[in-house]
Amino acid sequence: MSKERSAEYRQHVEEATVFVSRSVGFVPRAAVVLGSGLGSVAEAIENPVVIPYGEIPHWPLSTAPGHKGRLVAGYLKGVPVVAMQGRLHYYEGYSMREITFPVRVFGGWGTEVFFATNASGGVHYGLLPGDLVLVVDHINLMGANPLFGPNEDDWGPRFPDMTLAYDKKLMALAEEVALRESVNLKRGVYIAFAGPSFETSAEIRMARVLGADLVGMSTVPEIIVARHMGMRILAVSCVANYAAGMTESPLTHQEVLDEMGRAADRLTRLVVGIVASLGEEGR
Ligand code: HPA
């Protein structure tokens, strides 16, 4: 990306940030990205201000099935929050910069916590469809990075650390809330492929050897940008299926959405509980 394109991108981010912050009127404590079929978390948000992506200047529109395409800002048990109902994926044909545009906006808006959710495939038999998993680390196999190109030094450093990307205190908080809510929360490493084809059986065997527990097509670019902007990061994945080659049947997106539908209640309780307890968190 040239310097000119980079300056234009920055200006677009700033215009979108001004638009959402004026429309919403408060600074969210956390931005929550709702993955495939997980949009129901947004229904728990009180006094919602709903902004369709199409109304926000320069905001890319999401095309994936199961993703609504709107921002919902409001409160979860008194904690100001904004939820992205519908995320952007690299496989939709957007650039890495485009899919992480919302994260830049959240960072510029002053949002402290970036909380990603997603649907994933479980890479080994210790993970079952329906399991909720705290993402403790990731492997980027997407073949691209959203920080390619000129660095905006006031957004973040050229070479951001990724060893401490996932916030330890937030992970502990998530596990506390899971216990309190009687929700089983495992831990795992997420590996991201570009998609949109599901992985081959050989790719899943490779992922297992590489140390991955979960496989998916999202989240990692968002985490990199959130880390670049110095946000505190938390990610929870819901296992939708056994990954490729682990059962006799082929993978379908419908299977993913069906499993997410069954997990939505538990995940909503967990997400609401975590965001609500940010209000009590002494840092
Ligand atoms: N692979 C990639 N992405 C996914 C999967 C999978 O098995 N399940 C849900 N998202």
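The equivalent ellipsoid of the chain has semi-axes of 27, 23, 18 Å, largest first, where each one is the square root of 5 times an eigenvalue of the Cα gyration tensor.
So what is the relative contact order of region 131-283, in percent, for Cα pairs below 8 Å that sit 6 or more residues apart? Intermediate results must be reported in sequence, preceding the final value.
Numbers: 194 pairs, mean separation 52.8, N = 153.
34 percent.
Here the sum of -39500 (n - 2.57) over DSSP H runs of 4 or more residues, divided by the residues of the chain, equals -10500 deg cm²/dmol at 222 nm, to the nearest 500.
List the relative contact order of the chain as a percent without decimals, with contacts defined as Cα pairs under 8 Å and 6+ residues apart.
Over the chain, the number comes to 26 percent.
How much length is gained on full extension from Y125 to E175, taking 0.36 nm per residue of separation minus their Cα-Cα distance?
Values: separation 50, 0.36 × 50 = 18.00 nm, distance 2.20 nm.
Length gained between Y125 and E175: 15.8 nm.
Expressed as a whole percentage, what fraction of the accessible surface of the chain belongs to carbon and sulfur atoms when a 1.4 Å probe is rolled over the protein heavy atoms? The C+S portion of the solvent-accessible surface of the chain is 53 percent.
How much of the DSSP beta bridge set in the chain is antiparallel, as a percent to the nearest 5? Let's see the in-between values first.
Numbers: 17 of 48 bridges.
For the chain, the DSSP antiparallel bridge percentage is about 35.
For region 70-81, 3J(HN,Hα) computed residue by residue from phi via the Karplus equation (6.51, -1.76, 1.60; θ = phi - 60°) reads 7, 9, 10, 10, x, 10, 10, 6, x, 9, x, 8 Hz, glycine and proline entered as x.
Anisotropy class assigned to region 59-173 is rounded, per the alpha carbon gyration tensor with a/c under the 1.5 cut-off.
So, for the chain, what is the accessible surface per residue at a probe of 1.4 Å, expressed in square angstrom? Walk me through the numbers on the way to the answer.
Values: 11760 Å² over 283 residues.
Accessible area per residue: 42 Å².
Taking amide H positions as placed 1.01 Å from N in the peptide plane, with prolines and chain starts having none, which residues 5 or more places from G279, or on another chain, fall under 5 Å of its amide H? Excluding prolines and chain starts, which carry no amide H, there are no hits. Computed over protein heavy atoms with a 1.4 angstrom probe, the accessible surface ordering of T268, T100, T200, largest first, is T200, T268, T100.
Scanning residues 5 or more positions from A235 or on other chains, those with amide H under 5 Å from its amide H are A116, V135, with H placed 1.01 Å from N in the peptide plane.
Simple spin-label estimate for E55 and V183 gives 2.8 nm between the two label positions (7 Å along the Cα-to-Cβ direction from each Cα).
The values are calculated or read from the model by the stated rules, or taken from the named source; none is laboratory data. Keep in mind that this is a model prediction, so the values were computed, not measured. Neighbour counts run over all protein chains shown; Cβ positions are idealised from the backbone, glycine included. These area figures cover heavy atoms from the full protein model, side chains too; ligands, DNA and RNA do not enter into them. Shrake-Rupley method; radii C 1.70, N 1.55, O 1.52, S 1.80 Å.
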